[in-house]
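Before any comments, here is the structure.
The values are calculated or read from the model by the stated rules, or taken from the named source; none is laboratory data. All values reported here derive from a predicted model rather than from experimental measurement. Don't worry about glycine lacking a Cβ; one is built from the backbone with ideal geometry, like all the others, and counts go over all protein chains shown. These accessible areas exclude ligands, DNA and RNA; they are computed on the full protein's heavy atoms, side chains included. Shrake-Rupley method; radii C 1.70, N 1.55, O 1.52, S 1.80 Å.
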Amino acid sequence: MTRVTVTRTSIRCTFIVLVTAVVLYIHVSFNDGQKNQNIVQQIEAAKSVSLHKEDLPTIPHFNASVSQNATVNRWISTDSANSTSTQEILSRRRRVEKVCQTTLVSGKVHGVFTHKSGVIYCYVPKAGCTFWKRVFTAAGFGNGQDPFSISRNTVHSQYGKGERYSSAHNETAYPTRLMVVRDPFSRLLASYLDKIYLPNFWSNEAQYIQRGRRECSSDFLRKHFEQMASKFQRTGQSYSTCSERMCAKYLTFAEFVYGSIHRKEAHWVPIHQICNPCAFKATHIVHLESFSQDVKPILAKMEMGHILNSLDQKTQVELELEMLINYHFEKVEEKKVFMFNRSCITLRELAYRLWQTFQWKGYIDPEMTYIVPDDTLAESSIKNDLIAQVLRARESGLGKADLMVSARERFQAQVYQTLPKYLFENLMIKYKTDFQLFGYEDMRDSMYSSLYNSDLTETYTNLNSNQTHT
């Protein structure tokens, strides 16, 4: 009976969301200058809706002492030092299996990458997919090429979609089944920084969100944008970043969340909707938070364990920072394909945004200031100057690693504090199945408590008490 109720409820919700999406699309397409009233009404209605226990189910963490046998363990390698323990791997797998048995998990399996060793990878944007695409590309097409030498642009443009998942990708053909997951809140913030703050989605998603914006936020990011505009506007005249309509380059995190809450974009859609672990039957569920330990058994299976051994973490991060800089400069400089971005941002502003992103993510010394080159510096030199400054800031930051970590955590707390409570609760509902499947309830509850001085456990207790008395 419970399963039937859940199914019917899910079908009704899915139908409502689908109809709303169609209406929104038609409305926005023909009324670019008007406010998106459907989204406004939908979000406004959420303000009066209280959280219910069924909206945020909490499943206890599994006991790590799982019984083991040769069949279950045949796909787990325990030889590598500092690898994630067998018990933890099994615990994650059992957790997913239990949720799949008790909860209707929607979603399909989209693109996958395969390896001759029997490894199959279901990729998820903003959860380490660039690393794995490089690994599978090097293994399949690279002829022994170092994966880290493959540019970000190449790996995403030429090999980014992988293979369409089909019955040929069954458990017999590919017994080692990998997916990577991430705390939904940090994944959402990473999507904002990489796609909305940096000039990746300005001509599509950001434009859509801006059209539906009811009013501009007035938080610290708005002040940041006002300061940025005074530095880099070609006219040299200050103006309100809120009134800028052409480029959608000044969306704050709160505006992004408000406008994207119902957008099914792969970089912030719940993970289970693009890589359903109940359908994929993952044997290895890698957490981005413990990535270097989790990936060792998989790389050993693919006979590519040397990848992590040949490069220390310091060198890997420096290479990645340089590749990110090259990637974004290439994108902006591709006039034919990215003419829109070219007209909306100068290379000096791009360099500044990249520097700020690296500081917010905790990659470089948060106390160092980027020295913006003056207008006389040739465009070809701006990138090299940025790389040199970033590497110096990285080196400086290594001497105070705790400061970089605290800067990243402080920024995440700061941006989430800009969200009204009802909007944060909508995010909790949106990602509730990911929290269940992958064991991120503690992070969710901790953030809720710190932001609103309210304990979700106490909320659940009160709800249970009220239900008992009624």
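Among the residues here, His287 does not qualify as under 21 Å from Lys361 (Cα atoms) and open to solvent by 30 Å² or more (accessible area, probe 1.4 Å).
When the helices (runs of 4 or more DSSP H) confined to region 374-455 are screened for residues that are surrounded by 15 or more Cβ atoms within 10 Å (Cβ to Cβ) and β-branched (Val, Ile, Thr), those reaching at least 2 such residues are found at 379-398.
Of all the criteria given as (1) at pLDDT 95 or above; (2) open to solvent by 10 Å² or more (accessible area, probe 1.4 Å), the one not satisfied by Met179 is (2).
Does Val155 satisfy the criteria of being under 24 Å from Thr315 (Cβ atoms), assigned to a strand (DSSP E or B) and open to solvent by less than 10 Å² (accessible area, probe 1.4 Å)? It is false that Val155 is under 24 Å from Thr315 (Cβ atoms), assigned to a strand (DSSP E or B) and open to solvent by less than 10 Å² (accessible area, probe 1.4 Å).
Taking residues in region 109-125 that are over 14 Å from Met304 (Cα atoms) and surrounded by 20 or more Cβ atoms within 10 Å (Cβ to Cβ), and partners anywhere that are among the basic types (Lys, Arg) and modelled with pLDDT of 95 or more, the pairs with Cβ atoms closer than 9 Å and at least 6 places apart or on different chains are Ile120/Arg177; Tyr121/Arg177; Cys122/Arg177; Val124/Arg182; Val124/Arg187; Pro125/Arg187.
The single residue among Arg348, Arg353 that is within 26 Å of Met246 (Cβ to Cβ), modelled with pLDDT under 95 and not in a loop (DSSP other than H, G, I, E, B) turns out to be Arg348. Taking Asn326 and the conditions (1) at pLDDT 95 or above; (2) open to solvent by 10 Å² or more (accessible area, probe 1.4 Å); (3) part of a helix (DSSP H, G or I), which numbered condition does it fall short on, given that it satisfies the others? If we test Asn326 against (1) at pLDDT 95 or above; (2) open to solvent by 10 Å² or more (accessible area, probe 1.4 Å); (3) part of a helix (DSSP H, G or I), just (1) comes out false.
From the list Lys281, Lys264, the one residue that fits, being open to solvent by 10 Å² or more (accessible area, probe 1.4 Å) and at positive phi, is Lys281.
Okay, residues lined up against (1) at pLDDT below 85; (2) crowded, with 17+ Cβ neighbours inside 10 Å; (3) among the aliphatic types (A, V, I, L, M):
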position: His224; (1), (2), (3): no, no, no
position: Gln233; (1), (2), (3): yes, no, no
position: Thr241; (1), (2), (3): no, yes, no
position: Ala248; (1), (2), (3): no, yes, yes
position: Leu251; (1), (2), (3): no, yes, yes
position: Ala254; (1), (2), (3): no, yes, yes
position: Val257; (1), (2), (3): no, yes, yes
